[in-house]
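The values are calculated or read from the model by the stated rules, or taken from the named source; none is laboratory data. Keep in mind the model is a prediction, meaning the values are calculated, not measured. Don't worry about glycine lacking a Cβ; one is built from the backbone with ideal geometry, like all the others, and counts go over all protein chains shown. We work out accessible area using only protein heavy atoms, side chains counted, and drop any ligands, DNA or RNA first. Shrake-Rupley method; radii C 1.70, N 1.55, O 1.52, S 1.80 Å.
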Amino acid sequence: STISKSSLQQLECHFTWNLQKEDVDLEELEETIDDQIEFLIKSNHRNYNLLSYVCHLKNSNEEALRNLQKAEEEIKKIYPDEIARRSLVTWGNYAWIYYYMGRHKEAQTYIRKVKNSCKDLSNNAQWKIELPEIYAEEGWTLLKFGGKYYQRAKNCFENALKSEPNDPEFNAGYAIATYRLDDFHYRSDEDASQCLEPLKRAVELNPNDTFLMALLALKLQDFSRVNEGERYIEEAMQKTPDLPYLLRYAAKFYRRKGEVDKALGVLKKALAVTPKSSFLHHQLGLCYRKKLFDLKRTTRYPPQNQVEELIQFSIFHFKTAIDKKTKFFSAHTDLANMYAEAKRYEEAEETYQKAFQINILSNKDKQEFYLYYGNFQRFHMRSESEAIRYYTEGLKIEEDSYPRKKCRDTLKRLLEQRIQRGLEEATDFGTLGLIHSLCGEKPEAVECYEKALALDPNNEEYLSALCEARLSI
């Protein structure tokens, strides 16, 4: 018997959650899940469900089925009284995988299982059943698919919390999603930060979750409440001294506090437990980079061999991070900046280009790229005009962020200096006009566009920009 695709579309599972394969590095995702199964033993049926989907994406459906069996075993062990309710996602995945394997009879069996369970679990005979656990499982999955998905993840946990506002796990998911969104949007001022309260609540409800304690500590550190944050870190380190997920964030806390050697010690300990972690290698690179900058800042003639060594260490770890996680944008830009620092300009150029070709960049990533690449052109390639071009590109992406503000401020300063030195060209006034108009300063924009047109009377672009600016005053 053939199956209609529409009955499969009705199932709530990984195949219907709109997860795009190109948004993740599958190898790296698989490693992450394996580590979590080993170290975060809480909810492994969910990890096995996700692993089955990853195996399917890698074309190993047999392996996918084996992971679903493991998920079922976990559910029987942990939820013996709620097997049907907890198995809906697993059964949905079974149906899809059997369908792709051409084993339609088995697929049909699982579709029926889900349908009958939904009837039993809810009084009305409908397919879709709104269960908080399913929202939560979707939320945890979305968090693993990267920045694009964080808002959707937060919405899922919000839905789960509607019916069970005190559930520790849903609160944890909600807090983590909000933390990641804050981080993703560079929110650090107190009112803009939405995750401090959810994190506090999640820590109260999950007193043994040291990973949450570490996130709360980092957030407190953002608000200069360092001592309060450190108390959480120390308590967490006593509770789970060997948990890699805690160690990586504890190290970040110490590095940002300026205790770089302490951070290095913690990272090396974590690396012994999860040697393949790209996150840890990136953090190690950041530590060596900080040591380098501290050395240069505090010593007038820093010993060349020490400088060389810190650059080498830093490059090694950034490079390892991007070898392990090919779409790791900030590790790419950090590596490119470090090559520039080492005067290895060809490798720097190549790495910047690679960074820009990553296909999952957010607007903020792109702004950051233009800022760094503009700096590279300006300070290393000594090309002011190229730098101006890239800062302008960063400014044109209209989304508020720290890198965009940096592009704007740097541009404004550079252009004003050029004009003071009498080097102005029409494009300088044109760009300055653009800055003013993007900042809502219309009269200043008009003035700049008029000067640009005086120097380049036939420029259509300046003419239409001038008309537009005049109209909006």
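What the table below lists for this structure:
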| read-out | value |
| --- | --- |
| Among 99-108, 142-151, 175-184, 2-11, the order from most to least packed when residues are scored by Cβ within 10 Å on average | 175-184, 142-151, 99-108, 2-11 |
| Cα gyration tensor, the stretch 245-333 - rounded (a/c under 1.5), prolate or oblate | oblate |
| Heavy-atom accessible surface of the stretch 91-240: percent carbon and sulfur, 1.4 Å | 46 percent |
| Estimated inter-spin distance, CYS439 and ILE473, nm [label 7 Å along Cα→Cβ] | 1.8 nm |
| Kirkwood hydrodynamic radius of the chain, Cα pairs, Å | 25.4 Å |
| Computed lengthening from ALA272 to LYS396, 0.36 nm per intervening residue step minus Cα-Cα distance | 40.2 nm |
| Peptides 298-308, 70-80 ordered by average Cβ neighbours within 10 Å, highest first | 70-80, 298-308 |
| Portion, in percent, of the accessible area of the stretch 277-357 that falls on carbon or sulfur, probe 1.4 Å | 51 percent |
| The chain - charge dipole about Cα centre, Lys and Arg +1 at Cβ, Asp and Glu -1, debye rounded to 20 | 740 debye |
| 0 to 90° range, to nearest 10: angle between helix 460-471 axis and the chain longest Cα axis | 80 degrees |
| Which of THR274, THR210, TYR149, positive extreme of dipole for the chain (C-beta unit charges) | THR274 |
| Estimated inter-spin distance, GLN357 and LYS296, nm [label 7 Å along Cα→Cβ] | 2.8 nm |
| Charge-dipole axis of the stretch 5-129 as Lys and Arg at +1 and Asp and Glu at -1 on Cβ define it, positive-most pick from ILE33, TYR99, ILE111 | ILE111 |
| Dipole magnitude of the stretch 357-466, debye to nearest 20 (Cβ charges: Lys/Arg +1, Asp/Glu -1, about Cα centre) | 480 debye |
| Theoretical FRET efficiency, 1/(1+(r/R0)^6), r = Cβ-Cβ of ARG112 and GLU197, R0 35 Å, to 0.05 | 0.20 |
| Efficiency of FRET from Cβ geometry, GLU204 and GLU234, R₀ 22 Å, rounded to 0.05 | 0.75 |
| Rg [Å, one decimal], Dmax [Å, integer] - the stretch 18-57, C-alpha atoms | 10.2, 28 |
| Net charge contributed by nearby residues that have their C-beta within less than 12 Å of GLU399 (K/R +1, D/E -1) | +1 |
| Solvent exposure of the stretch 5-129 as accessible area per residue, Å², 1.4 Å probe | 49 Å² |
| Sum of -39500 (n - 2.57) over DSSP H runs of 4+, divided by residues of the chain (222 nm, nearest 500) | -24000 deg cm²/dmol |
| Gyration tensor verdict on the stretch 5-129 (Cα atoms; rounded if a/c is under 1.5, prolate if a/b is larger than b/c, oblate otherwise) | oblate |
| Cβ-based net charge around GLU228, under 13 Å, with every Lys or Arg adding one and every Asp or Glu removing one | +1 |
| Spin-label zone in the stretch 308-342 - amide nitrogen under 19 Å from a point set 7 Å from the Cα of MET381 along the C-beta vector | 332-342 |
| Residue-count net charge about LEU463 - beta-carbon cut-off 12 Å; Lys, Arg +1, Asp, Glu -1 | -4 |
| For the stretch 69-123 and the stretch 234-299, distance of Cα centres in Å | 42 Å |
